[in-house]
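One structure coming up, written as C-alpha cells, with questions to follow.
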Protein chains: 2
Amino acid sequence: MESFQNVSLTLSIDAMGGDFGPVVTIPASLDCLRKNPALKLILVGDEAVLAPMLTQVMIEFKDRLRIQHASQCVAMDESPSKALKNKKDSSMRVAINLVRDGEADACVSAGNTGALMATARFVLKMIPGIDRPAIISTLPSIYGHTHALDLGGNVDSSAEHLLQFAIMGSEVVKAVDGIENPSVGLLNIGQEDVKGNEQVKAAAKLLENSHLNYIGYVEGNYLNAGSHRVDLIVADGFVGNVALKSIEGAAKMIGASLKEAFNKNIFTRLAGLIAYPVLKSFKNRIDPRLYNGASFLGLRGLVIKSHGGADELAFATAIHLAEVEVQKNVIQNIGEQVENILKQRHGTWQITQE
Amino acid sequence: MESFQNVSLTLSIDAMGGDFGPVVTIPASLDCLRKNPALKLILVGDEAVLAPMLTQVMIEFKDRLRIQHASQCVAMDESPSKALKNKKDSSMRVAINLVRDGEADACVSAGNTGALMATARFVLKMIPGIDRPAIISTLPSIYGHTHALDLGGNVDSSAEHLLQFAIMGSEVVKAVDGIENPSVGLLNIGQEDVKGNEQVKAAAKLLENSHLNYIGYVEGNYLNAGSHRVDLIVADGFVGNVALKSIEGAAKMIGASLKEAFNKNIFTRLAGLIAYPVLKSFKNRIDPRLYNGASFLGLRGLVIKSHGGADELAFATAIHLAEVEVQKNVIQNIGEQVENILKQRHGTWQITQE
C-alpha cells in the first residue's frame, strides 16, 4: 500500500470497540499518528477512560488528536437492531456520525460487525443504486494478495448486485494497489461457461458487457493460489463468507498440525528450536494481522471494520487502509462509477422501450 | 475406516482413468487385493495394455482378478455429453455397466468427473426422489476428519435437496466411521437463526423436523477446525465446491510459503534438513492422498470418484472406501431412508389435504 503524506486527513476511531478496546485502539492510533504527519485522529469513547491514557501524548499530537466523548458501548454480541435503537450515544455511532457530519473522512471500528453495518447504513445511507453494503478485504496469495468481495454483507445477491460489487471492488483495488485496470474474476465452481448457478451465469454476461477488466470464472483456490494472478474476486456474500471462513479453518488446522508435529517429543522440540527463525518468517508471510481491515462499500461514507480480536499491529493496519482509501477518494470514485452505470442502463432501457 | 474381510465383494476398476492410467491403477489394485483376501477386482480397459502388466500376478490372484476389455478411453477434458454419446465402449462406461448388471458391487474411477457423473446417472439411474448425484468426501480436521456434501454435483439446490443430502450423507458417515447417529451441521454464514439465505433457512426447518441428529448452523471453518466436532456438513453443491477449492488453495499457499521460508539460504536449508522428519510427519497428517475418494450419492449403485492426479496410495484409498461402503450396504440403506422419508412426506401431505 502507498502512503500520501502531503494532504491532511481526519479519521474517527471507535476507541471502545473490539475485544480489547482502548488497550489496543490507543497504542495503534498513536503509532499511526507518528508514522503519518498528515493524519489527524478523533478518538471516540468514554472520556473518563480515554483521557488518562492520553495525558502524556496530548502535547506531542496537540493539533492532531482529540477525544470525542460517547457515553455508551455496543457489546460484541449485541443484536444490531437493539444497538441501533438503544445505543444512540455509543462510541461506534458517534464515530460514524462524525463521518456523516464531515468532521472525519472515514471511521475505523473493531466493534460488532452486524451493529457496525446496521449503524453505518442507517447513519450514512447507501449510494443510490446500491442496496446493502458489501464487505471487501484482502487475502494473502502466492502472488502477493487478492481482494475479494462480498465477504458477508449480502446473501441471495442478484446478477446486478454482483456487477455492483465488481465496480466498487475495482475502485478499492485501484486505490490500494495503484493498478489502473484491475483484473476481475467471478467465483464459480468451474472455469467452463456451462458451469455455475443461474445468478453467476447472468452476472458473467453483465460483466462481459461492462467496462471492467473481466477475465472470467475462477474457482475457490484462486483466492490464495490460482494458476494465475487475479486482482479482484467477486462473489455473493454467502459464498464469499463461506470461502473466507473455510480458508481460516484450513489455516488453523494446518498451523495446529505443524505445532503438534514440533511438540511431539524432545527431539522434535529441539528441531523446532533450530527451525524457529524460519518458522517465524513463514508465519509473518501469512500473518492475518497484516491483512486486517475490511471496507464496507456502497455507503455514502467510508467505514473500515477491523477484526474484533485485532491487536495493536492489526488495528494499525486497518487504520492505514482507511488512510489510503481516503487519500485516493475511493468513496467519491465509487459514487461516480455507479452513477455512470445507472445512467448507461437507463439509456439502454429507454432505447429498448422506443 | 474399518475393514470387513469375511464377505467377498467385487469392484470394477476403470483402469484407464486418471492422469496416469494403468501405471497407477494397477499397482493400487494389486495392493488392495493383497490387503483384503475377500476382495475381487475387475480391471476394465484395453486388454492389450493391461494384460502384459498383469502376467506375473495372474497366478497369485487367479480367482480374484480379471480383465474386462474396453476399446475406448474418456479423455480428462472431454465434454460429458460427448463422452456419453461417442464412448459407449469406454473403460469408464463398461466399469459402470458391470455395476448395473450386478457383476460388480461398486465402481472406482479416477476419470473425468463430469463424464463419470453423466455416465453413472445415465447407466445406473437415480433413486426415486433424488434428482442428481451429490458428491461426498472427507476432509482432515483438528478432530480427525469431517464428511461434507454436496461438493459440486448440484447447484441451486432447494431446501428439500439439502435434506436429501443430509439423509444420504448420514448413511455414509455411519458406514465409514461406525457412528450410530452422526451429528449434522448446515453450512451457513453465522450460527444465529436470522442469518443465511432463504434456501438454508428453509432447509434448517426441514432438518429440525427430521429424524437426523441435526445440530444447527456451522460456518466454513467447521470443515477443518470448528470449536466442536461435527460429523457431517451439508451445503448446496456450489457453496460446498467453493469451500473445498478454497481450502485446497489455502493449503497450497501455506505449503508454498513454508517451502520458501526453508529454501531462503544455506542456514534455513540446514534448519530444514534438521526439521525434515518433523515436517514429514506434519505433511503426512494432512496428506490429501489419505482423504482421496468421493462417493456419488443418490444413484442406484455405488460409484467412487478418485482424484484425477491420484498416485498409487491415493487410488488405493479410494478403492478401500468402496470396499467399506459396499460391506456396509450404503446404497441399500440410502434407498430405504429416502423411501421412508418420501412415504412420511406423502402421508403428511395427504393429512394436510383432508
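Where does the Debye-calculated log10 I(q)/I(0) of chain A sit at q = 0.10 Å⁻¹, using only Cα point scatterers of equal weight, no solvent?
For chain A, the Cα-only Debye profile gives -0.64.
Can you list the copy-to-copy distances for A:Pro288, using a point 7 angstrom from Cα toward Cβ, in nanometres, shortest first?
When each copy's label point is compared with this one, the spacings are 2.2 nm.
Now for a different question. Compute for region A:1-108: radius of gyration divided by Kirkwood radius, i.e. Rg/Rh, restricted to C-alpha atoms, rounded to two decimals.
On the Cα set of region A:1-108, Rg over Rh gives 0.98.
Amide H of B:Ile233: which non-local residues (sequence gap of 5 or more, or other chain) have their own amide H closer than 5 Å, using H built in the peptide plane?
B:His147, B:Ala148, B:Leu149, B:Gly185
Give the long-range amide H neighbours of B:Leu302: residues separated by 5 or more places, or on another chain, with amide H under 5 Å away, using H modelled in the peptide plane at 1.01 Å from N.
Those qualifying (amide H under 5 Å, at least 5 residues apart or on another chain) are B:Cys107.
Select from A:Ala175, A:Ala271, A:Ala115 the residue whose mean-square fluctuation is largest in a Gaussian network model of chain A (Cα-Cα springs shorter than 10 Å).
The residue with the greatest mean-square fluctuation here is A:Ala271.
With θ set to phi - 60°, apply the Karplus curve 6.51 cos²θ - 1.76 cosθ + 1.60 along region A:61-67 and write out the HN-Hα couplings as whole Hz, x wherever there is a Gly or Pro.
Couplings: 10, 3, 8, 10, 9, 9, 9 Hz.
Among B:Tyr217, B:Tyr276, B:Tyr143, determine the one that fluctuates most according to a GNM of chain B built with springs between C-alpha atoms less than 10 Å apart.
Maximum fluctuation in the GNM of chain B, among the listed residues, is at B:Tyr276.
Check the straight Cα-Cα distances from A:Lys280 and name the lysines below 20 Å, setting aside those fewer than 8 residues away within the same chain.
A:Lys252, A:Lys259, A:Lys264, B:Lys252, B:Lys259, B:Lys264, B:Lys280, B:Lys283
Would you mind listing the distances between the A:Gln191 label point and the same position in each other copy? Use 7 Å along Cα-to-C-beta, nm, one decimal, shortest first.
3.8
How big is the protein assembly as shown on each of its three principal axes, counting only the C-alpha atoms and giving the largest first in Å?
Computed over the Cα atoms, the extents are 91, 72, 47 Å.
Would you mind listing how long region A:129-221 runs along its three principal axes, going by Cα atoms, in whole Å with the largest first?
32, 30, 25
Could I ask something else about it? With θ set to phi - 60°, apply the Karplus curve 6.51 cos²θ - 1.76 cosθ + 1.60 along region B:112-118 and write out the HN-Hα couplings as whole Hz, x wherever there is a Gly or Pro.
Coupling constants for region B:112-118: 2, 4, x, 5, 5, 5, 4 Hz.
Further question on the same structure: Could you let me know the centre-to-centre spacing of region A:121-159 and region A:35-98, using Cα atoms, in angstrom?
Distance between centres, Cα-based: 25 Å.
Nothing charged except the Cβ atoms of Lys and Arg (+1) and of Asp and Glu (-1): what's the magnitude of the dipole of chain B about its Cα centre? Round to the nearest 20 debye.
Details: 34 positive and 38 negative charges, 143 e Å.
Computed about the Cα centre, the dipole is about 680 debye.
Which order do A:Leu163, B:Leu258 fall in if you start with the one that has the fewest other Cβ atoms within 10 Å? List each step's numbers first, then the result.
Working: A:Leu163 25, B:Leu258 22.
Placing the least packed residue first, the sequence is B:Leu258, A:Leu163.
So, one more: Only bridges whose two residues both fall in chain B count here: according to DSSP, what percent of them are antiparallel, nearest 5? It would help to have the intermediate numbers written out before the result.
Numbers: 12 of 42 bridges.
Taking every DSSP beta bridge within chain B, about 30 percent pair in antiparallel fashion.
Considering all projection directions equally, how large on average is the shadow of the alpha-carbon convex hull of region B:136-288, in square nanometres? Provide the component values of the computation, followed by the final result.
Details: hull surface 40.0 nm².
That works out to 10.0 nm².
Additional query: Using θ = phi - 60° and the Karplus form 6.51 cos²θ - 1.76 cosθ + 1.60, what ³J(HN,Hα) does each residue of region A:330-341 get, whole Hz, x for Gly and Pro?
Values per residue, Gly and Pro as x: 4, 5, 4, 4, 4, x, 5, 4, 5, 4, 4, 4 Hz.
Could you calculate the FRET efficiency of B:Phe267 with B:Asp77 from 1/(1 + (r/R0)^6), where r is the beta carbon distance between them and R0 is 51 Å, rounded to 0.05? Don't skip to the end; give the middle numbers.
Details: r = 44 Å, r/R0 = 0.87.
Efficiency at R0 = 51 Å is approximately 0.70.
Same structure again: Can you compute the charge dipole magnitude of region A:139-287 about its Cα centre, using +1 on each Lys and Arg Cβ and -1 on each Asp and Glu Cβ, nothing else charged? Give it in debye, rounded to the nearest 20. Mind showing how you got there, number by number?
Values: 13 positive and 16 negative charges, 211 e Å.
Taking the Cα centre of region A:139-287 as origin, the dipole is about 1020 debye.
With point charges of +1 on the Cβ of Lys and Arg and -1 on the Cβ of Asp and Glu, referenced to the Cα centre of chain A, which listed residue (A:Leu258, A:Leu342, A:Ile233) lies farthest in the positive direction of the dipole?
About the Cα centre, the residue reaching furthest to the positive side is A:Leu258.
Let me ask something additional. Would you mind checking which residues have amide H under 5 Å from A:Asp19's amide H? H placed 1.01 Å from N; only 5 or more apart, or other chain.
A:Gly309, A:Ala310
Between B:Lys85 and the same site in the other copies, what are the distances in nm, shortest first, taking label points 7 Å from Cα along the C-beta direction?
Once sorted, the set of distances for B:Lys85 reads 6.1 nm.
Still on this model: Specify which residue in the list B:Asn333, B:Ala83, B:Ala314 is farthest towards the positive end of the charge dipole of chain B, using unit charges on the beta carbon of Lys, Arg (+1) and Asp, Glu (-1), about the Cα centre.
B:Ala314
I would also like to ask the following. Over chain B, with a Gaussian network built from C-alpha contacts below 10 Å, which listed residue (B:Lys82, B:Lys305, B:Lys264) shows the highest mean-square fluctuation?
Taking springs between Cα atoms under 10 Å, the residue moving most is B:Lys264.
Counting DSSP beta bridges in the protein assembly as shown, what percent are antiparallel, to the nearest 5?
Working: 24 of 84 bridges.
The answer is about 30 percent antiparallel.
Laboratory data are not the source of any read-out in this text; all were calculated from the coordinates shown. Bear in mind the structure is a predicted one, so any value in this text is a computation, not a measurement. Neighbour counts are summed over all protein chains in view; Cβ atoms, including those assigned to glycine, are modelled from backbone coordinates with ideal geometry.
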